[in-house]
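The values are calculated or read from the model by the stated rules, or taken from the named source; none is laboratory data. Predicted, not measured: the structure shown is a model, and the values here were computed from it. Counting neighbours? That spans all protein chains shown, and the Cβs are built from the backbone with ideal geometry, glycine included.
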Amino acid sequence: MDSFTLIIFGITGNLAQIKLIPALYDIEEKNLLPKETSIIGIARSPQSKEEFREYIKKVLTSENRHHQHAIKDEVFEKLFTRMHYLNGNLIDRNLYKKLSQFLSQLDSENKKLGNRIFYLATYPDLYDQIFQNLQSEKLNEQKNGWVRLMIEKPIGNDLKSAKDLNKLLLSYFREDQIYRLDHYLGKETLQNILAFRFGNGIFEPLLNKDHVDHIQITATEDFGIGKRGGYYDSVGALKDVGQNHLLQMLAFATMDAPTDYSDAALTKERVKILENLEVDPKNLVLGQYDGYLKEESVNPNSSTDTFFAFKTMIKNARFKGVPIYVRGGKKLSQTVTEISIIFKTPHNRLFKHLRSGTEPNVLIFRIQPNEGIVLKILVKKPGHRWELDPTYMQFCYRLGSDSHYFPDPYERLIFDAIKGDQTFFNNVEEVESEWKFIDPLAKSKTKVHSYNPGSWGPKEADQFIQKNGRYWLEPSMDFCAI
Ligand SMILES: NC(=O)c1ccc[n+]([C@@H]2O[C@H](COP(=O)([O-])OP(=O)(O)OC[C@H]3O[C@@H](n4cnc5c(N)ncnc54)[C@H](OP(=O)(O)O)[C@@H]3O)[C@@H](O)[C@H]2O)c1
């Protein structure tokens, strides 16, 4: 693998602290960084080398829920030897002159090519000026090596702004240089859906309208917005997680088999699903938890949604008429993310007369917590009488002493970007088709109902699914116990 320099715009920010620096440590610990790799962090306040060192160490050692394992001194030293800090204002052209000189110096000292990754861990309203400044120093040009740009969600706040941002990006970089990051795509549990569906032969023939009654996708949290009020209140749950993570889960669970395992083939199939989703604001329920209006930095008259539930269908022959119910939000009963595929109960099922005899089989992709893939089935209770017991056939990630190692999604995705692999990043069509679906929902004047913290959302969400003769599944914690 080629050596490169990673430049993080916003090294002192929250994202850098909770995700990027811990991920870089983990990549270093696994010896995955090419020998001459350098990392440059940029922010405004001046810091000496020693202060920067203290800062990085503190990020890796203090109460940081994203980096719980102890750090090894020798790994920290190896990582810090690669790290440099530059202070300056991202809107100031002089900073980029300084950066350009420093990059040339690092390249000549280490005899390396000019490979670079620019990571935008800073505010979207600075992007325009950052790109102009990079261009003024020709830092976006791939003259002596490759140049890549990593950019976080949100990509826009609606379809129009997403298109504007994509246009801006594409006026400075080529699509194959842009790594739009949705960290859900870096999750092992989401990627394993591909292995489960397309690496096995037995389940795929069942995933269609003949066998599937409906699909439920849930991503809920039992905690509130914390200190994110300023951001969250301008966005809401539907845009914050519905537009990206939940639609990605939907695409992974329902996409057709790609022609091969390649970025182009996988992305094409995901986009085909996203572009063929039926959207109807009548099939949307929004909610806001009681007490939200008293949260820090929230407008006391806010009608921002902290809960959403919607129904969609895929306009293709395979899933014609199969409803997909999607829900997400905050201060709900459980913190859980899963996809449940609920199968039809055949008319000629034996034992229908027994208790549980008509319960459907359910295939569950549990993304978090108690990660696994399980199939809910009925078995005979041991004994002289005929009684059925619903139980789970399960694959769990975290059972036993050899429990599987999970790379953090950021570790996984940064390493993919280093390798130049865009498979688990969003391209321009993908982001825009997500917004095409979400925009009419987000812009509808759907009433926002209140709900009790700790519940499963407003009662209207239950009524909404019940009118189709179905009910929300209570995510079970009975399998893959941690
Ligand atoms: N935090 C998350 O968990 C998260 C998750 C997903 C996506 N994101 C996205 O990631 C981006 C960063 O979010 P964040 O939460 O890390 O924000 P943040 O905590 O406010 O950090 C912003 C960073 O940008 C730097 N910065 C701001 N203005 C600057 C300027 N004019 N010149 C130089 N540096 C400047 C700040 O450094 P100084 O103030 O020290 O100069 C700081 O390092 C946002 O686009 C956000 O939407 C964040």
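Of all residues in the range 71-93, those that are surrounded by 14 or more Cβ atoms within 10 Å (Cβ to Cβ) have Cβ atoms under 6 Å from Cβ atoms of residues that are part of a helix (DSSP H, G or I) and among the β-branched types (V, I, T), 6 or more apart or on another chain, in L90/I130.
Restricted to the range 362-473, the set of helices (runs of 4 or more DSSP H) holding at least 2 residues that are touching a His at 6+ places or on another chain (Cβ under 7 Å) comprises 409-419.
Listed here are the residues, each with its yes/no results for (1) of a type in the set (A, V, I, L, M, F, W, C); (2) more than 16 Å from the ligand (Cβ to nearest atom); (3) within 19 Å of E430 (Cβ to Cβ).
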| position | (1), (2), (3) |
| --- | --- |
| T189 | no, yes, no |
| G229 | no, no, no |
| H245 | no, no, yes |
| A251 | yes, yes, yes |
| A265 | yes, yes, yes |
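If you go through the range 150-172 one residue at a time, do you hit one that is small (G, A, S), modelled with pLDDT under 95 and more than 16 Å from the ligand (Cβ to nearest atom)? There is no residue in the range 150-172 that is small (G, A, S), modelled with pLDDT under 95 and more than 16 Å from the ligand (Cβ to nearest atom). The set of residues in the range 344-397 that are over 21 Å from Q216 (Cβ atoms) and in contact (Cβ under 8 Å) with a residue 40 or more places away in the chain contains only Y397. The residues of the range 97-125 that are among the charged types (D, E, K, R) and more than 16 Å from the ligand (Cβ to nearest atom), listed by number, are D107, E109, K111, K112, R116. I need the full set of residues from the range 260-275 which are under 18 Å from the mean Cα position of the chain (by Cα) and over 17 Å from S433 (Cα atoms), in order please. Hit for the range 260-275 is D263, nothing else.
Within the option set V279, V326, V271, V322, being of a type outside the set (G, A, S), modelled with pLDDT of 95 or more and within 17 Å of A237 (Cα to Cα) holds for one residue only, V326.
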